[in-house]
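Participant: One structure, pasted below without further comment.
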Amino acid sequence: MFEVREKPDMVERALLVNVCCHRRDEPEAELLLLELEELVKTLGIGIVESQLVRSRSEHKQFICGTGKAQEVCDYAKAMECDCIIFDNMLSPSQQRSWETLAGITVIDREEVILDIFAKRAQTKEASLQVQLAQMQYALPRMKKMWGHLDREGGGGSGGSAASRGMGEKQIEVDRRLARKRIDKVKADLALVRKQRRTQRKERERFDTPHAAIVGYTNAGKSTLLNHLTGAEVLVADMLFATLDTTTRKIELPDGQPLLLTDTVGFVRNLPHRLVEAFKATLEEALLADFLIHVLDATSPEIDRFHDTTLEVLKELGAEEKQLVTVFNKVDLVEDPVVLEGLRARYSEALYLSSVTGEGMDTLFQRCSEMLADRISRHSYRLPQSRGELLNLLYQEAKVISTDYDGNDILVTAVVPRDLHGRLEEFCEVEA
């Protein structure tokens, strides 16, 4: 994996900066700085201070004016910071300008998120997705990677310099090699995605309904999946604790099976290249029959987090999906007025705790309601000579009871639509 530049082995003291060019955007900028603090803490980096830098207009070189930029750099040096981290997205030229002025490493929000993803990815697919996003981010920033970038490579052996021409500059060689590595990772990722499609087709062969758990990072999605399914997905009080999707099967109260998938959490200003790089992970939300949108009931920014998730879903093309909105962690809400306010604003939402189990029965029931048109209860009279039909019911339906009448097997089962169509000739007429 190529690097943008030499970084310190361990960043210990970072100054966080958000350059704000419009007064009306200041409240949002301050909230984003708080979120950046959480992201940076996730990397184990010490934070010296967070600064909101006000600028009357946006400048090409530093975003803010040169004087403001110098103040930020002087303060970082005075506080012995070894890194300045911007909440703003920096262009490659802006990043180089800041590093030249400050004399220390400068990174932006996107690189922070990429570094978190690189540390957390566990499956081959997630690792490849992170590599691709990192390389695409790094490619336009390769100018400062090595000190020999302006060195020209000669032609082959033999012949005069004049006949060989100017040769190929090292930066051109490096970029060409980088693009080849990007193409290789894309090819590897395409192969992994093909394997995932094969696995998904196997699931779809049984027509098992599917729900994806989505929401802002650290809202408790993995805890919810663990409680509902008995899975053992990593749970931690940090942003992006888990990146890889986990799918588990549960049985709903009406006997219908349901596949539940935990997806990667969202943040505001999610870098676009990450949305693209993680399409294969997030596409579970696109393919699901419905979505379970989990929100942290204790968060003071719950409305913003709600809107952020809906915006990302829209970007993915999943805004038309049926949605079950769930407010998690209600056991931690100390002020009943807070819950009353949420119930007033989100009257259709469910309120539960993934830790205590409060409200889980209601969630199970709502999931059944979302899929009510997919299943129905029927009684069948099957010839004993057609034992494969009974096996089919046990595999793809919920068998309620079996009995025998002469040479026939009487079966009552909760059956998916398509399976009932295949067995309709054996269906008993309902009284």
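The values are calculated or read from the model by the stated rules, or taken from the named source; none is laboratory data. These numbers were taken from a predicted model, which means no experiment stands behind them. Cβ atoms come from the backbone with ideal geometry, glycine included; neighbour counts cover every protein chain shown.
Participant: Mind checking which residues of region 307-336 are closer than 20 Å to T223 by Cβ, without any contact (Cβ under 8 Å) to a residue 60 or more places away in the chain and assigned to a helix (DSSP H, G or I)?
Facilitator: Passing the criteria: V330, D331, L332.
Participant: Moving on to the next point. Can you tell me which of E396, E319 is buried (at least 16 other Cβ atoms within 10 Å of the Cβ) and among the acidic types (D, E)?
Facilitator: Numbers: E319 fails: buried (at least 16 other Cβ atoms within 10 Å of the Cβ).
None of the others qualify; the one that does is E396.
Participant: Another question, if that's okay. I'm checking my understanding of the structure. Among residues of region 84-121 that are over 16 Å from the mean Cα position of the chain (by Cα) and of a type in the set (F, W, Y), which one is farthest from G46 (Cα to Cα)?
Facilitator: W98
Participant: Just give me the residues in region 253-268 being within 19 Å of L287 (Cβ to Cβ), modelled with pLDDT of 75 or more and not charged (D, E, K, R), in sequence order.
Facilitator: Here is the first cut: in region 253-268, the ones within 19 Å of L287 (Cβ to Cβ) are 256-266.
Right, trim to modelled with pLDDT of 75 or more and you get 256-263.
Result: Q256, P257, L258, L259, L260, T261, T263.
Participant: Now a separate question. Taking the options L393, L382, name whichever one is within 23 Å of K249 (Cβ to Cβ) and either in contact (Cβ under 8 Å) with a residue 24 or more places away in the chain or not in a helix (DSSP H, G or I) (or both).
Facilitator: Working: L382 fails: within 23 Å of K249 (Cβ to Cβ).
Just one listed residue meets the conditions, L393.
Participant: Kindly indicate whether V411 is among the hydrophobic types (A, V, I, L, M, F, W, C), assigned by TED's automatic domain parsing to the domain that holds D303 and not in a helix (DSSP H, G or I). Full working, then the answer.
Facilitator: Numbers: among the hydrophobic types (A, V, I, L, M, F, W, C): yes; assigned by TED's automatic domain parsing to the domain that holds D303: no; not in a helix (DSSP H, G or I): yes.
So V411 does not fit the description; no.
Participant: Working only within region 66-99, note down all residues that are aliphatic (A, V, I, L, M) and in contact (Cβ under 8 Å) with a residue 24 or more places away in the chain.
Facilitator: Residues of region 66-99 aliphatic (A, V, I, L, M): 69, 72, 76, 78-79, 84-85, 89-90.
Scanning region 66-99 gives A69, V72, A76, M79, I84, I85, M89, L90.
Participant: Further, regarding this structure: Taking E30 as the residue in question, decide whether it is in contact with a Cys (Cβ under 7 Å, 6 or more places away or on another chain) and at pLDDT 90 or above. Please lay out each step first, then the result.
Facilitator: Working: in contact with a Cys (Cβ under 7 Å, 6 or more places away or on another chain): no; at pLDDT 90 or above: yes.
No; evaluated as a whole, the condition is false for this residue.
Participant: Considering only region 337-373, how many residues are closer than 21 Å to L228 by Cα and either assigned to a helix (DSSP H, G or I) or aliphatic (A, V, I, L, M) (or both)?
Facilitator: Summing the residues that are closer than 21 Å to L228 by Cα and either assigned to a helix (DSSP H, G or I) or aliphatic (A, V, I, L, M) (or both) in region 337-373 gives 17.
Participant: Return the residues of region 326-361 that are farther than 11 Å from A297 by Cα, buried (at least 17 other Cβ atoms within 10 Å of the Cβ) and polar (S, T, N, Q); say none if nothing qualifies.
Facilitator: S354
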